[in-house]
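Reviewing the structure listed below.
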Amino acid sequence: MQILKKTLALTVAASALAAAQPVFAEDVKLGILGDITGPIESLAPPIVDGAQLAYDHVNAQGGLLDGQIVSIVGDSACDPSVAGPAADKLVNSDQVTAMVGAFCTGATIGAATAAGIPGNMVQISPSASAPALTTLDDNDLVFRTTPSDGFQGVKMAELLLSKGIDDVALTYVNNDYGKGLADVFAETFAAGGGNISVNAAHEDGKADYRAELGQLAGGGSLNLVILAYASGSGQTILRQAVESGNFTTYIGGDGMVGDELLTGIDAGAVEGMIATRAGAYAGESAEIYKSLAAEAGMDPNATYAPQAYDAAFLLALAVEKNGTADREGLSAALREVASAPGETILPGEWAKAKELIAAGTDIDYEGAGGPLDFDDAGDVSGVIVELAVEGGTFVEKGAID
(Lines give C-alpha, C1' and ligand atoms only; values in the text may rest on other atoms or scores of the structure.)
Protein backbone atom coordinates (compact mmCIF):
# COMPACT_ATOMS: atom_id res chain seq x y z
CA MET A 1 0.00 0.00 0.00
CA GLN A 2 2.82 2.38 0.89
CA ILE A 3 4.48 1.70 -2.47
CA LEU A 4 1.21 2.44 -4.28
CA LYS A 5 0.72 5.66 -2.35
CA LYS A 6 4.31 6.71 -3.03
CA THR A 7 3.90 6.01 -6.74
CA LEU A 8 0.67 7.95 -6.86
CA ALA A 9 2.18 10.82 -4.90
CA LEU A 10 4.96 11.07 -7.46
CA THR A 11 2.45 10.99 -10.32
CA VAL A 12 0.32 13.72 -8.77
CA ALA A 13 3.39 15.79 -7.92
CA ALA A 14 4.65 15.52 -11.48
CA SER A 15 1.25 16.52 -12.81
CA ALA A 16 1.09 19.47 -10.44
CA LEU A 17 4.56 20.55 -11.49
CA ALA A 18 3.59 20.32 -15.14
CA ALA A 19 0.48 22.36 -14.47
CA ALA A 20 2.57 25.00 -12.71
CA GLN A 21 4.76 25.54 -15.75
CA PRO A 22 3.84 28.15 -18.37
CA VAL A 23 1.39 26.53 -20.78
CA PHE A 24 1.77 27.84 -24.30
CA ALA A 25 -1.11 28.16 -26.73
CA GLU A 26 -0.09 25.06 -28.64
CA ASP A 27 -0.13 22.83 -25.55
CA VAL A 28 -3.31 20.90 -24.69
CA LYS A 29 -4.46 20.30 -21.14
CA LEU A 30 -6.07 16.90 -20.54
CA GLY A 31 -7.29 15.77 -17.15
CA ILE A 32 -7.32 12.58 -15.15
CA LEU A 33 -10.02 12.60 -12.48
CA GLY A 34 -9.26 9.59 -10.29
CA ASP A 35 -10.69 8.21 -7.08
CA ILE A 36 -7.30 8.52 -5.45
CA THR A 37 -8.63 8.49 -1.91
CA GLY A 38 -11.66 6.66 -0.56
CA PRO A 39 -12.89 3.09 -0.91
CA ILE A 40 -10.96 2.21 -4.09
CA GLU A 41 -7.72 4.01 -3.26
CA SER A 42 -5.76 0.75 -3.57
CA LEU A 43 -7.00 0.29 -7.14
CA ALA A 44 -6.51 3.88 -8.32
CA PRO A 45 -2.72 4.26 -8.83
CA PRO A 46 -2.38 1.77 -11.73
CA ILE A 47 -5.45 3.28 -13.41
CA VAL A 48 -3.92 6.75 -13.21
CA ASP A 49 -0.64 5.33 -14.50
CA GLY A 50 -2.42 3.64 -17.42
CA ALA A 51 -3.89 6.93 -18.59
CA GLN A 52 -0.61 8.76 -18.06
CA LEU A 53 1.24 6.15 -20.12
CA ALA A 54 -0.94 6.99 -23.12
CA TYR A 55 -0.28 10.71 -22.67
CA ASP A 56 3.45 9.96 -22.44
CA HIS A 57 3.36 7.98 -25.69
CA VAL A 58 1.68 10.92 -27.45
CA ASN A 59 4.23 13.41 -26.16
CA ALA A 60 7.13 11.16 -27.15
CA GLN A 61 5.89 10.76 -30.73
CA GLY A 62 5.34 14.28 -31.96
CA GLY A 63 2.88 15.59 -29.43
CA LEU A 64 -0.73 16.68 -29.75
CA LEU A 65 -1.66 19.26 -32.38
CA ASP A 66 1.32 21.66 -32.35
CA GLY A 67 2.47 20.99 -28.81
CA GLN A 68 2.42 18.62 -25.87
CA ILE A 69 -0.18 17.19 -23.53
CA VAL A 70 -0.13 18.83 -20.12
CA SER A 71 -1.67 16.29 -17.74
CA ILE A 72 -3.59 17.51 -14.68
CA VAL A 73 -4.74 15.03 -12.02
CA GLY A 74 -7.69 15.53 -9.68
CA ASP A 75 -9.13 13.40 -6.86
CA SER A 76 -12.84 12.53 -6.86
CA ALA A 77 -12.61 10.15 -3.86
CA CYS A 78 -15.32 7.80 -5.23
CA ASP A 79 -17.81 10.34 -3.86
CA PRO A 80 -20.18 12.52 -5.94
CA SER A 81 -19.95 15.37 -3.43
CA VAL A 82 -16.16 15.44 -3.86
CA ALA A 83 -16.20 14.73 -7.59
CA GLY A 84 -18.31 17.79 -8.41
CA PRO A 85 -15.87 20.40 -7.05
CA ALA A 86 -12.87 18.42 -8.33
CA ALA A 87 -14.35 18.35 -11.82
CA ASP A 88 -15.28 22.03 -11.59
CA LYS A 89 -11.63 22.85 -10.97
CA LEU A 90 -10.50 20.81 -13.98
CA VAL A 91 -13.23 22.17 -16.26
CA ASN A 92 -13.42 25.81 -15.27
CA SER A 93 -10.14 26.69 -13.51
CA ASP A 94 -7.61 24.42 -15.20
CA GLN A 95 -9.54 24.59 -18.49
CA VAL A 96 -8.78 21.04 -19.58
CA THR A 97 -10.07 20.13 -23.03
CA ALA A 98 -11.30 16.71 -21.89
CA MET A 99 -10.61 14.19 -19.18
CA VAL A 100 -10.28 10.55 -18.26
CA GLY A 101 -12.48 9.71 -15.28
CA ALA A 102 -13.84 9.41 -12.84
CA PHE A 103 -13.36 5.80 -11.79
CA CYS A 104 -16.44 5.07 -9.64
CA THR A 105 -19.85 5.47 -11.27
CA GLY A 106 -21.24 7.85 -8.67
CA ALA A 107 -18.19 10.07 -8.94
CA THR A 108 -18.36 9.97 -12.74
CA ILE A 109 -22.00 11.05 -12.75
CA GLY A 110 -21.31 13.66 -10.06
CA ALA A 111 -18.44 15.13 -12.09
CA ALA A 112 -20.46 15.13 -15.28
CA THR A 113 -23.61 16.75 -13.89
CA ALA A 114 -21.76 19.35 -11.80
CA ALA A 115 -19.21 20.51 -14.35
CA GLY A 116 -18.55 18.28 -17.35
CA ILE A 117 -21.91 18.51 -19.10
CA PRO A 118 -22.47 22.22 -18.34
CA GLY A 119 -18.93 22.85 -19.59
CA ASN A 120 -19.53 20.89 -22.84
CA MET A 121 -16.57 18.65 -21.98
CA VAL A 122 -16.04 15.06 -23.06
CA GLN A 123 -15.07 12.59 -20.35
CA ILE A 124 -14.30 8.89 -20.65
CA SER A 125 -14.38 6.66 -17.59
CA PRO A 126 -12.20 3.56 -17.72
CA SER A 127 -14.05 1.79 -14.91
CA ALA A 128 -17.47 3.29 -14.09
CA SER A 129 -19.58 0.24 -14.75
CA ALA A 130 -23.04 0.81 -13.23
CA PRO A 131 -26.02 0.69 -15.61
CA ALA A 132 -27.04 4.16 -14.37
CA LEU A 133 -24.40 5.69 -16.65
CA THR A 134 -26.17 4.32 -19.73
CA THR A 135 -29.28 6.40 -19.12
CA LEU A 136 -27.52 9.62 -18.07
CA ASP A 137 -28.76 12.65 -20.05
CA ASP A 138 -25.27 13.74 -21.07
CA ASN A 139 -25.51 15.44 -24.48
CA ASP A 140 -23.23 12.67 -25.85
CA LEU A 141 -20.35 13.79 -23.64
CA VAL A 142 -19.87 10.86 -21.22
CA PHE A 143 -18.33 7.61 -22.46
CA ARG A 144 -16.71 4.56 -20.92
CA THR A 145 -14.18 1.97 -22.07
CA THR A 146 -15.36 -0.79 -19.75
CA PRO A 147 -18.52 -2.87 -20.16
CA SER A 148 -21.61 -2.02 -18.16
CA ASP A 149 -22.47 -4.08 -15.09
CA GLY A 150 -25.53 -5.01 -17.09
CA PHE A 151 -23.01 -7.37 -18.73
CA GLN A 152 -20.82 -8.18 -15.70
CA GLY A 153 -23.80 -9.11 -13.53
CA VAL A 154 -25.07 -11.55 -16.13
CA LYS A 155 -21.65 -13.18 -16.52
CA MET A 156 -21.13 -13.46 -12.75
CA ALA A 157 -24.47 -15.23 -12.32
CA GLU A 158 -23.79 -17.57 -15.22
CA LEU A 159 -20.34 -18.36 -13.84
CA LEU A 160 -21.65 -19.36 -10.41
CA LEU A 161 -24.41 -21.49 -11.85
CA SER A 162 -21.92 -23.24 -14.13
CA LYS A 163 -19.88 -24.13 -11.03
CA GLY A 164 -22.90 -25.63 -9.31
CA ILE A 165 -23.27 -22.73 -6.88
CA ASP A 166 -27.05 -22.32 -6.89
CA ASP A 167 -27.68 -20.56 -3.58
CA VAL A 168 -26.02 -17.40 -2.20
CA ALA A 169 -26.41 -14.66 0.34
CA LEU A 170 -25.89 -11.27 -1.32
CA THR A 171 -24.79 -7.95 0.12
CA TYR A 172 -23.95 -4.82 -1.85
CA VAL A 173 -22.75 -1.30 -1.14
CA ASN A 174 -25.71 1.06 -1.28
CA ASN A 175 -24.77 3.24 -4.26
CA ASP A 176 -25.17 3.26 -8.06
CA TYR A 177 -22.41 0.72 -8.53
CA GLY A 178 -23.47 -1.76 -5.87
CA LYS A 179 -27.20 -1.67 -6.54
CA GLY A 180 -26.81 -1.73 -10.32
CA LEU A 181 -24.55 -4.78 -10.28
CA ALA A 182 -26.62 -6.53 -7.59
CA ASP A 183 -29.91 -6.06 -9.44
CA VAL A 184 -28.60 -7.54 -12.69
CA PHE A 185 -26.85 -10.40 -10.89
CA ALA A 186 -29.91 -11.27 -8.80
CA GLU A 187 -32.27 -11.23 -11.78
CA THR A 188 -30.00 -13.44 -13.91
CA PHE A 189 -29.18 -15.80 -11.05
CA ALA A 190 -32.85 -16.35 -10.21
CA ALA A 191 -33.79 -16.79 -13.87
CA GLY A 192 -31.16 -19.53 -14.11
CA GLY A 193 -32.63 -21.43 -11.16
CA GLY A 194 -30.48 -19.95 -8.41
CA ASN A 195 -31.74 -18.94 -4.97
CA ILE A 196 -30.71 -15.80 -3.09
CA SER A 197 -31.39 -16.52 0.55
CA VAL A 198 -30.81 -12.91 1.66
CA ASN A 199 -30.38 -9.82 -0.55
CA ALA A 200 -29.33 -6.81 1.53
CA ALA A 201 -27.75 -3.43 0.91
CA HIS A 202 -25.18 -2.01 3.34
CA GLU A 203 -23.68 1.43 3.88
CA ASP A 204 -20.01 2.01 3.18
CA GLY A 205 -17.56 3.25 5.81
CA LYS A 206 -18.73 1.36 8.89
CA ALA A 207 -16.28 -0.36 11.22
CA ASP A 208 -18.61 -3.20 12.16
CA TYR A 209 -20.86 -5.27 9.88
CA ARG A 210 -21.45 -8.17 12.25
CA ALA A 211 -25.18 -7.43 12.50
CA GLU A 212 -25.50 -7.47 8.73
CA LEU A 213 -23.46 -10.67 8.53
CA GLY A 214 -25.74 -12.29 11.12
CA GLN A 215 -28.71 -11.50 8.89
CA LEU A 216 -26.91 -12.88 5.83
CA ALA A 217 -25.89 -16.07 7.62
CA GLY A 218 -29.42 -16.52 8.92
CA GLY A 219 -30.62 -17.32 5.42
CA GLY A 220 -28.69 -20.56 5.52
CA SER A 221 -26.43 -20.20 2.49
CA LEU A 222 -22.71 -20.88 2.91
CA ASN A 223 -21.88 -18.82 -0.20
CA LEU A 224 -21.47 -15.07 0.29
CA VAL A 225 -21.48 -12.57 -2.61
CA ILE A 226 -20.00 -9.17 -1.66
CA LEU A 227 -20.39 -6.34 -4.18
CA ALA A 228 -18.39 -3.50 -2.66
CA TYR A 229 -14.88 -2.00 -2.61
CA ALA A 230 -11.52 -3.49 -1.71
CA SER A 231 -10.48 -0.49 0.38
CA GLY A 232 -13.90 0.08 1.90
CA SER A 233 -16.80 -1.99 3.17
CA GLY A 234 -15.82 -4.99 1.06
CA GLN A 235 -12.63 -5.56 3.00
CA THR A 236 -14.29 -5.14 6.39
CA ILE A 237 -17.21 -7.43 5.53
CA LEU A 238 -14.92 -10.12 4.11
CA ARG A 239 -12.63 -10.02 7.15
CA GLN A 240 -15.51 -10.19 9.62
CA ALA A 241 -17.23 -12.91 7.59
CA VAL A 242 -14.07 -15.02 7.77
CA GLU A 243 -13.88 -14.41 11.52
CA SER A 244 -17.49 -15.53 11.92
CA GLY A 245 -16.89 -18.88 10.23
CA ASN A 246 -20.43 -18.84 8.81
CA PHE A 247 -19.46 -19.04 5.14
CA THR A 248 -17.23 -21.30 3.08
CA THR A 249 -17.23 -19.64 -0.33
CA TYR A 250 -16.76 -15.96 -1.16
CA ILE A 251 -17.55 -14.14 -4.39
CA GLY A 252 -16.82 -10.53 -5.37
CA GLY A 253 -17.21 -8.13 -8.27
CA ASP A 254 -14.59 -5.92 -9.89
CA GLY A 255 -14.51 -3.45 -7.00
CA MET A 256 -13.17 -6.20 -4.76
CA VAL A 257 -10.23 -7.15 -6.98
CA GLY A 258 -7.11 -5.84 -5.25
CA ASP A 259 -4.52 -7.31 -2.91
CA GLU A 260 -5.54 -4.66 -0.38
CA LEU A 261 -8.72 -6.69 0.07
CA LEU A 262 -6.82 -9.55 1.70
CA THR A 263 -4.91 -7.45 4.24
CA GLY A 264 -5.30 -8.92 7.72
CA ILE A 265 -7.24 -11.94 6.45
CA ASP A 266 -6.09 -15.55 6.76
CA ALA A 267 -5.14 -16.40 3.17
CA GLY A 268 -6.17 -20.00 3.62
CA ALA A 269 -9.70 -18.99 4.60
CA VAL A 270 -10.29 -17.20 1.30
CA GLU A 271 -8.32 -19.55 -0.96
CA GLY A 272 -10.36 -20.04 -4.12
CA MET A 273 -12.45 -16.88 -3.65
CA ILE A 274 -14.16 -16.10 -6.96
CA ALA A 275 -14.28 -12.65 -8.57
CA THR A 276 -15.16 -11.06 -11.89
CA ARG A 277 -13.98 -7.95 -13.67
CA ALA A 278 -13.57 -6.52 -17.15
CA GLY A 279 -10.73 -8.28 -18.92
CA ALA A 280 -8.27 -7.47 -21.61
CA TYR A 281 -9.10 -8.31 -25.19
CA ALA A 282 -7.31 -11.44 -26.44
CA GLY A 283 -5.82 -10.02 -29.61
CA GLU A 284 -2.85 -8.21 -31.11
CA SER A 285 -3.76 -4.87 -29.55
CA ALA A 286 -3.89 -6.42 -26.08
CA GLU A 287 -0.47 -8.02 -26.50
CA ILE A 288 1.02 -4.75 -27.72
CA TYR A 289 -0.36 -2.93 -24.68
CA LYS A 290 1.09 -5.55 -22.35
CA SER A 291 4.53 -5.03 -23.88
CA LEU A 292 4.26 -1.26 -23.64
CA ALA A 293 3.12 -1.43 -20.01
CA ALA A 294 5.91 -3.84 -19.07
CA GLU A 295 8.49 -1.59 -20.73
CA ALA A 296 7.20 1.26 -18.56
CA GLY A 297 7.58 -0.84 -15.40
CA MET A 298 3.80 -1.28 -14.97
CA ASP A 299 1.77 -4.39 -14.27
CA PRO A 300 0.16 -5.18 -17.66
CA ASN A 301 -2.74 -6.91 -15.92
CA ALA A 302 -3.55 -4.23 -13.35
CA THR A 303 -7.30 -3.77 -12.93
CA TYR A 304 -8.66 -1.16 -15.36
CA ALA A 305 -5.21 0.12 -16.36
CA PRO A 306 -5.68 -1.09 -19.97
CA GLN A 307 -9.07 0.61 -20.15
CA ALA A 308 -7.52 3.81 -18.78
CA TYR A 309 -4.84 3.69 -21.46
CA ASP A 310 -7.54 3.35 -24.11
CA ALA A 311 -9.56 6.24 -22.68
CA ALA A 312 -6.56 8.58 -22.68
CA PHE A 313 -5.31 7.54 -26.11
CA LEU A 314 -8.80 7.98 -27.56
CA LEU A 315 -9.07 11.49 -26.13
CA ALA A 316 -5.78 12.44 -27.74
CA LEU A 317 -6.86 10.94 -31.09
CA ALA A 318 -10.15 12.84 -30.91
CA VAL A 319 -8.42 16.16 -30.19
CA GLU A 320 -6.02 15.59 -33.09
CA LYS A 321 -8.93 14.69 -35.36
CA ASN A 322 -10.88 17.73 -34.21
CA GLY A 323 -7.89 19.92 -35.07
CA THR A 324 -8.26 22.19 -32.06
CA ALA A 325 -8.03 22.22 -28.29
CA ASP A 326 -11.58 23.59 -28.14
CA ARG A 327 -14.27 21.33 -26.70
CA GLU A 328 -16.79 21.94 -29.46
CA GLY A 329 -16.96 19.04 -31.90
CA LEU A 330 -14.85 16.70 -29.78
CA SER A 331 -17.62 14.19 -29.12
CA ALA A 332 -18.22 13.65 -32.84
CA ALA A 333 -14.47 13.37 -33.44
CA LEU A 334 -14.22 10.75 -30.69
CA ARG A 335 -16.84 8.58 -32.34
CA GLU A 336 -15.01 8.87 -35.68
CA VAL A 337 -11.61 7.73 -34.38
CA ALA A 338 -13.09 4.92 -32.27
CA SER A 339 -15.17 3.22 -34.94
CA ALA A 340 -14.91 1.64 -38.37
CA PRO A 341 -14.36 2.33 -41.16
CA GLY A 342 -10.75 3.41 -41.05
CA GLU A 343 -7.17 2.23 -40.93
CA THR A 344 -6.50 0.35 -37.70
CA ILE A 345 -4.48 2.14 -35.02
CA LEU A 346 -3.09 0.04 -32.18
CA PRO A 347 -1.83 1.11 -28.73
CA GLY A 348 1.33 3.19 -28.98
CA GLU A 349 0.89 4.01 -32.68
CA TRP A 350 0.57 7.74 -32.20
CA ALA A 351 2.98 8.85 -34.92
CA LYS A 352 1.15 6.70 -37.47
CA ALA A 353 -2.23 8.04 -36.36
CA LYS A 354 -1.06 11.63 -36.46
CA GLU A 355 0.23 11.22 -40.02
CA LEU A 356 -2.99 9.57 -41.22
CA ILE A 357 -5.19 12.23 -39.62
CA ALA A 358 -3.10 14.96 -41.25
CA ALA A 359 -3.60 13.25 -44.61
CA GLY A 360 -7.37 13.14 -44.10
CA THR A 361 -7.44 9.35 -43.76
CA ASP A 362 -10.06 7.76 -41.51
CA ILE A 363 -8.69 5.78 -38.55
CA ASP A 364 -10.17 3.16 -36.23
CA TYR A 365 -8.51 2.67 -32.84
CA GLU A 366 -8.40 -0.88 -31.53
CA GLY A 367 -7.25 -0.74 -27.95
CA ALA A 368 -5.93 -2.78 -25.08
CA GLY A 369 -9.54 -3.66 -24.27
CA GLY A 370 -10.35 -4.50 -27.89
CA PRO A 371 -12.59 -2.72 -30.41
CA LEU A 372 -14.15 0.40 -28.91
CA ASP A 373 -17.20 1.03 -31.02
CA PHE A 374 -19.33 3.23 -28.77
CA ASP A 375 -23.07 2.67 -28.94
CA ASP A 376 -25.59 5.50 -28.73
CA ALA A 377 -25.16 5.69 -24.95
CA GLY A 378 -21.35 5.80 -25.08
CA ASP A 379 -21.05 2.20 -23.92
CA VAL A 380 -18.84 -0.56 -25.30
CA SER A 381 -19.05 -4.32 -25.35
CA GLY A 382 -16.18 -6.22 -23.82
CA VAL A 383 -14.86 -9.26 -22.03
CA ILE A 384 -15.60 -10.31 -18.45
CA VAL A 385 -12.99 -12.55 -16.85
CA GLU A 386 -12.97 -14.88 -13.86
CA LEU A 387 -10.38 -14.51 -11.11
CA ALA A 388 -9.60 -16.65 -8.09
CA VAL A 389 -7.55 -16.10 -4.96
CA GLU A 390 -4.55 -18.41 -5.05
CA GLY A 391 -1.77 -18.17 -2.49
CA GLY A 392 -2.99 -14.85 -1.15
CA THR A 393 -3.40 -13.00 -4.45
CA PHE A 394 -5.90 -12.72 -7.30
CA VAL A 395 -5.06 -14.81 -10.37
CA GLU A 396 -6.91 -14.39 -13.66
CA LYS A 397 -8.43 -17.66 -14.88
CA GLY A 398 -9.74 -16.57 -18.26
CA ALA A 399 -12.74 -15.11 -20.03
CA ILE A 400 -16.24 -16.19 -19.02
CA ASP A 401 -17.97 -17.69 -22.04
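Quick look at the numbers
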quantity: From the options Ser76, Ser127, Ser81, residue that is over 13 Å from the mean Cα position of the chain (by Cα), under 22 Å from Leu314 (Cα atoms) and of a type in the set (Gly, Ala, Ser); calculated: Ser76
quantity: Within region 187-196, tally of residues that are within 16 Å of Gly164 (Cα to Cα) and not in a loop (DSSP other than H, G, I, E, B); calculated: 6
quantity: Among residues of region 162-183, those that are in a strand (DSSP E or B) and surrounded by 24 or more Cβ atoms within 10 Å (Cβ to Cβ), counted; calculated: 5
quantity: Qualifying residue in region 148-159 (condition: among the polar types (S, T, N, Q) and at pLDDT 95 or above); calculated: no
quantity: Any hit, region 128-143, residues being part of a helix (DSSP H, G or I), free of Cβ contacts under 8 Å to residues at least 24 places away in the same chain and surrounded by fewer than 24 Cβ atoms within 10 Å (Cβ to Cβ); calculated: no
quantity: Selection count, region 222-279, where residues are among the hydroxyl-bearing types (Ser, Thr, Tyr) and more than 22 Å from Asp166 (Cβ to Cβ); calculated: 6
quantity: Some residue of region 334-353 being among the basic types (Lys, Arg), within 22 Å of Met121 (Cα to Cα) and at pLDDT 95 or above; calculated: yes
quantity: Region 230-260 - residue that is hydroxyl-bearing (Ser, Thr, Tyr) and assigned to a loop (DSSP other than H, G, I, E, B) and, of those, farthest from the chain's Cα centre (by Cα); calculated: Thr248
quantity: Tally, over region 309-325, of residues that are within 11 Å of Leu65 (Cβ to Cβ) and in contact (Cβ under 8 Å) with a residue 24 or more places away in the chain; calculated: 7
quantity: Extreme residue, modelled with the highest pLDDT, among residues of region 355-401 that are part of a loop (DSSP other than H, G, I, E, B) and among the polar types (S, T, N, Q); calculated: Thr361
quantity: Out of Ile40, Ile32, sole residue that is at pLDDT below 95, over 22 Å from Ala351 (Cα atoms) and β-branched (Val, Ile, Thr); calculated: Ile40
quantity: Test: residue in region 168-176 that is farther than 15 Å from Gly255 by Cβ and touching a residue at least 24 places away in the same chain (Cβ under 8 Å); calculated: yes
quantity: One residue from Gly219, Gly214 being part of a loop (DSSP other than H, G, I, E, B), over 30 Å from Asp49 (Cα atoms) and outside the structural domain of Pro126 (by TED's automatic domain parsing); calculated: Gly219
quantity: Only listed residue being of a type outside the set (Ser, Thr, Tyr), over 18 Å from the mean Cα position of the chain (by Cα) and at pLDDT 80 or above, chosen from Leu65, Leu10; calculated: Leu65
quantity: Answer residue from region 261-278, given it is assigned to a loop (DSSP other than H, G, I, E, B) and more than 19 Å from Pro45 (Cα to Cα) and is farthest from the chain's Cα centre (by Cα) among those; calculated: Asp266
quantity: Total residues in region 287-308, condition farther than 14 Å from Val385 by Cβ and in contact with a Leu (Cβ under 6 Å, 6 or more places away or on another chain); calculated: 2
quantity: Condition broken by Leu170, with the remaining ones in (1) more than 27 Å from Pro306 (Cβ to Cβ); (2) aliphatic (A, V, I, L, M); (3) out of contact with any helix residue (DSSP H, G or I) (no Cβ under 7 Å at 6 or more places or on another chain) satisfied; calculated: (3)
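Each row is one residue, and each column tells you yes or no for (1) under 22 Å from Lys29 (Cβ atoms); (2) at pLDDT 95 or above.
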position	(1), (2)
Ile109	no, yes
Val142	yes, yes
Asp166	no, yes
Asn174	no, yes
Gly180	no, no
Asp183	no, yes
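The values are calculated or read from the model by the stated rules, or taken from the named source; none is laboratory data. Quantities reported herein were computed from a predicted structural model and do not represent experimental measurements. No Cβ is skipped: glycine too gets one built from the backbone with ideal geometry, and neighbour counts run over all protein chains shown.
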